[in-house]
Structure formats: structure tokens, C-alpha cells
1. Check Asp66 against each of (1) crowded, with 18+ Cβ neighbours inside 10 Å; (2) over 13 Å from the mean Cα position of the chain (by Cα); (3) farther than 12 Å from Glu134 by Cβ and name the one condition it does not meet.
2. Quick check on the range 89-133: of everything there that is within 16 Å of Val9 (Cβ to Cβ) and out of contact with any Phe, Trp or Tyr (no Cβ under 8 Å at 6 or more places or on another chain), which residue is surrounded by the fewest Cβ atoms within 10 Å (Cβ to Cβ)?
3. Please verify whether Glu87 is at pLDDT 95 or above, within 16 Å of Leu138 (Cα to Cα), away from ligand 2 (no atom under 14 Å from the Cβ) and part of a strand (DSSP E or B), treating the condition exactly as stated.
4. So which pairs qualify, if the first residue must be in the range 111-128 and more than 18 Å from Val58 (Cα to Cα), the second must be among the charged types (D, E, K, R), the Cβ gap must be under 6 Å, and the two must be at least 6 apart or on different chains?
5. Pick from the range 1-44 the residues that are over 15 Å from the mean Cα position of the chain (by Cα), of a type in the set (A, V, I, L, M) and closer than 25 Å to Gly116 by Cα: which of them is surrounded by the most Cβ atoms within 10 Å (Cβ to Cβ)?
6. Need at least 2 residues that are in contact with a helix residue (DSSP H, G or I) (Cβ under 6 Å, 6 or more places away or on another chain) and within 15 Å of ligand 1 (Cβ to nearest atom) per element, so show me which strands (runs of 3 or more DSSP E) inside the range 93-138 make the cut, counting only ones lying wholly within it.
7. Kindly indicate whether any position in the range 140-149 is at pLDDT 95 or above, of a type outside the set (Asp, Glu), under 18 Å from Leu73 (Cβ atoms) and not in a helix (DSSP H, G or I).
Amino acid sequence: MAIRKIVEVGDPILRKKSRPVEKFDERLWTLLDDMRETMYLANGVGLAAVQVGVLRRVVVLDCSEDKTGYLELINPEITGTEGEQCETEGCLSLPGQNGVTKRPAEVKVKAQDRNGNWCVFKGTGLKARCFCHEIDHLDGILFTDRLVKPGIEELNETAEKNG
Ligand code: GNR
Ligand code: NI
């Protein structure tokens, strides 16, 4: 296993659309293992493959407090949503930035596991936000595209500008 470098904002790869995974092989498993290690080291609750420079539809996440909620999502799709929530969100590719986004309160997802078997998942709260955030990454969308309120940094910049 290896730690991979996390791509940061300014790199045009973050705006590209990731392609579906077709081969569930050793190469995919190494990518997943590396992403898991990289996500935990960075203290993230999720990581999309594009964030380590790989344009494939692969996501890992763990929204638990104690590292017991690890999930792998290959070719994930949102199959249903309910309600809405407006909460603060951050991204490992946008260090130091945060802001409030509007996301569904509950999200249902279908995805393949590392062997290609289709599975279904349901999440509320942070997990629902994370499902949406990671699937957005696969389509080149960042949380800053979905802000309902600017982050603290932007507020400070505005305050400075206005005196
Ligand atoms: O670590 C992360 N925290 C987070 C908080 C609220 C909603 C989504 C996230 S995902 C983010 C890690 C990351 O950048 N994943 O792409
Ligand atoms: Ni992110």
C-alpha cells in the first residue's frame, strides 16, 4: 500500500469527468487500498479517485467516528433522495476552505464493490453529504459550486474589501 498525493484546486483534472470502471482487477484493488490509506492519513471522510489523479469512477469513504464505517463505491449512482440539509462542507482538494452547501437529507446510492457486485447504500446526515460530495467529484463538480453561504475566508476577504 502507498500514500498518494492529493491533487489541489488549480489542477484542471479536478474539473474533468471520470470514466466508469470496467475491469475489477489487481490494479483497481491497489488503487482502492492506496485511497483508503490516503484518506485516513489526511483525516478525510471520503476520497474520490480524481483527487489522487485517476479519472475513474471510484470512491472510498468513512463517515464514522471510529473508522468502522469504511465503504468502497465503484461506478456509484444516486438512486433516490429525500429532504434537504444545509451544513458546512470542506474538501481535501481545497485546503483551508469551507462553506455551507444544500444537500439532500437522505441519499440512496447503488454502486459496485471491488469484485463488481452491485450493492445498495443509504445515508443521512454527514454520510448523505459525503455520498453527494464524492459523486460530484466524479463529474468535475466541487462543493464551492453549490454554496448557499460563502466560507469564513471569503467573508473575511469581503470584510477587508469593504473596510
Ligand atoms: O473530509 C471531508 N469532509 C467533508 C465534510 C462535509 C462534507 C463532505 C466532506 S468530504 C471531505 C473529503 C473530500 O474532500 N472528499 O472528496
Ligand atoms: Ni472533496
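1. Among (1) crowded, with 18+ Cβ neighbours inside 10 Å; (2) over 13 Å from the mean Cα position of the chain (by Cα); (3) farther than 12 Å from Glu134 by Cβ, the lone unmet condition for Asp66 is (1).
2. This residue is Gly96.
3. Against the criterion (at pLDDT 95 or above, within 16 Å of Leu138 (Cα to Cα), away from ligand 2 (no atom under 14 Å from the Cβ) and part of a strand (DSSP E or B)), Glu87 does not qualify.
4. Thr124/Glu106
5. My answer is Leu28.
6. Hits in the range 93-138: 98-103, 106-112.
7. Yes.
The values are calculated or read from the model by the stated rules, or taken from the named source; none is laboratory data. In this text, all values refer to a predicted model and were calculated from it rather than measured experimentally. A quick note on method: Cβ atoms are made from the backbone with ideal geometry, for glycine too, and the neighbour counts reach across all protein chains shown.
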